[in-house]
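A quick write-up on the structure given underneath.
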Amino acid sequence: MSEMTTSHKAASASAVSVIARDTLLTAVVALVLAVPFIGLKSDSVGTALTLVTRWPLMLAMVGAVAAGRVLVSLWRLRSAAKAQRATAHTAAGDAKASLAAWGNSHMKAIGFAGFALAVVLPFLPFSNRYVVDIGTTFLIYVMLGWGLNIVVGLAGLLDLGYVAFYAVGAYTYALISTQAGWSFWVCLPLAGTFAAMFGLMLGFPVLRLRGDYLAIVTLGFGEIIRVILMNWVDFTKGPDGVSGIPRPSFFGAPFSRSAPEGVTTFSDLLGIEYSSMHRVVFLYFLILALAAITNLFTLRMRKLPTGRAWEALREDEIACRSLGINPTNVKLSAFALGAMFAGFAGAFFATRQGFVSPESFTFMESAIILAIVVLGGMGSQLGVVLAAFALVVLPEWFREFEQYRMFLFGAAMVAIMVVKPTGVMGHREPTIRLHPVGKSKKPEAAR
């Protein structure tokens, strides 16, 4: 008994020393980085420019980093101890399974509640143009996240050039509408079709690639598209971009105060007073409908053979081949469908902004969309919504911390990946179980 006590004390002392060493090292590194970026502030005195050291803010940031390091170390030790004591069936495991079952059974209710809130958002007492614009931007990234979730979350193909399909859809609508005069409703399916074709073009060269190599090729593809848009001046107008992109109409009724003779405006059609908010609210509901279609399509595809083939490919490509699944068709279908929804979102972005340029489709956009998918949980539709809210809406609420935005963004990503590597709501359960445990051997769709 005394030997066990001595061993336990030695292990505890060793753990404390390791935590103290790591915390001290982290604090020193944080202090070195905080001095030039946070601790110094320019202060003009007369005609001279001096540097004022902001010790309270700098020490507070270093203390926060050190405290975070202590919490991470304690969490790792706790996880290691739990892993050693874990057994196949424990009360904690049963409680976790019950919580997961409750979440799955109430997922539809949560989704309907969120959709209902999105529908009534423009009519709430606190809503104004700024709130609706933020909601529109949020839904654009939700739709892009759901589209990329097909490629990354379901098929397991790491795509770092997803913004290229977003750009193809935007420029398709911008060029066709300005050159040929076609309406948004005609160009919308064309934008999705062209983006899907580019998805197939990307899919063929990368059929034999996986992991890091696939990520490098898709990153290069995204940069190729951006460079083409930047330098093909005769066709895309280069860095000047395309301006004067027509706005969408409501079945031919424009959202304007007046219209040419023979054309009825939206306000006259409904017999209401003209307001500039009509077009803003209409665009919000338009992207809400496009995002809802994307979500319903993805949920339906997961239950079809194609969706199950995506999940099988994600788990083990060699096993897929042994079962007779053609990985070529599976990969191409994932790239094409994911790119199609990016094209739809790009067409909406172009008609909303009225102007597109290559600067709107940089690698940072691909990184944000991929971060939304990974942080929310690959394969989780609701996780994409939560991550998009955290990365798009919250920064607007805390604009006074704009200079620390990237620091907080990186810290949040590190924290989530350490605490929950699969994402906030990671979902890798199979869509269909052939032999559910404890039930009759009949196919059952996973909730």
TODO: Write down the radius of gyration of the stretch 124-433 and its Dmax, each obtained from C-alpha positions, in Å.
DONE: 20.2, 66
- [ ] Please sort by residue number the chymotrypsin sites (Phe, Trp or Tyr not before Pro) in the stretch 254-343 whose DSSP state is loop and whose Cβ has at most 15 other Cβ atoms within 10 Å.
- [x] TYR274
Task: Percentage, to the nearest whole number, of Cα pairs in the stretch 349-427 over 19 Å apart - done: 45 percent
Task: Surrounding net charge for PRO327, when Lys and Arg each add one and Asp and Glu each subtract one, Cβ distance under 15 Å - done: +2
TODO: Find the centroid of the Cα atoms in the stretch 290-361 and in the stretch 161-237, then give the distance between the two in whole Å.
DONE: 14 Å
Open item on the list: Viscosity 0.890 mPa s, temperature 25 °C: what is the translational diffusion coefficient of the stretch 315-398 from Stokes-Einstein with a Kirkwood Rh over Cα pairs, rounded to a whole number of µm²/s?
Closed with: 159 µm²/s
Open item on the list: Over 12 Å apart: what share of the alpha carbon pairs of the stretch 329-371 falls there, rounded to a whole percent?
Closed with: 70 percent
Task: Residue-count net charge about SER366 - beta-carbon cut-off 11 Å; Lys, Arg +1, Asp, Glu -1 - done: -2
- [ ] Using the Kirkwood radius over Cα pairs, work out the Stokes-Einstein diffusion coefficient for the stretch 160-287 at 4 °C and 1.567 mPa s, in µm²/s as a whole number.
- [x] 76 µm²/s
- [ ] Would you mind counting up the charge near ALA309? Only other residues with Cβ under 14 Å from its Cβ, with Lys and Arg at +1 and Asp and Glu at -1.
- [x] +2
Open item on the list: If packing is taken as the average number of other Cβ atoms within 10 Å across a peptide's residues, how do 148-158, 386-396 rank, most packed first?
Closed with: 148-158, 386-396
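Here, each number is a calculation from the coordinates, and none is a lab measurement. The model shown is predicted, which means the values in this text are computed figures rather than measured ones. Positions of Cβ are generated from backbone atoms using ideal geometry, with glycine treated the same way; all protein chains shown enter the neighbour counts.
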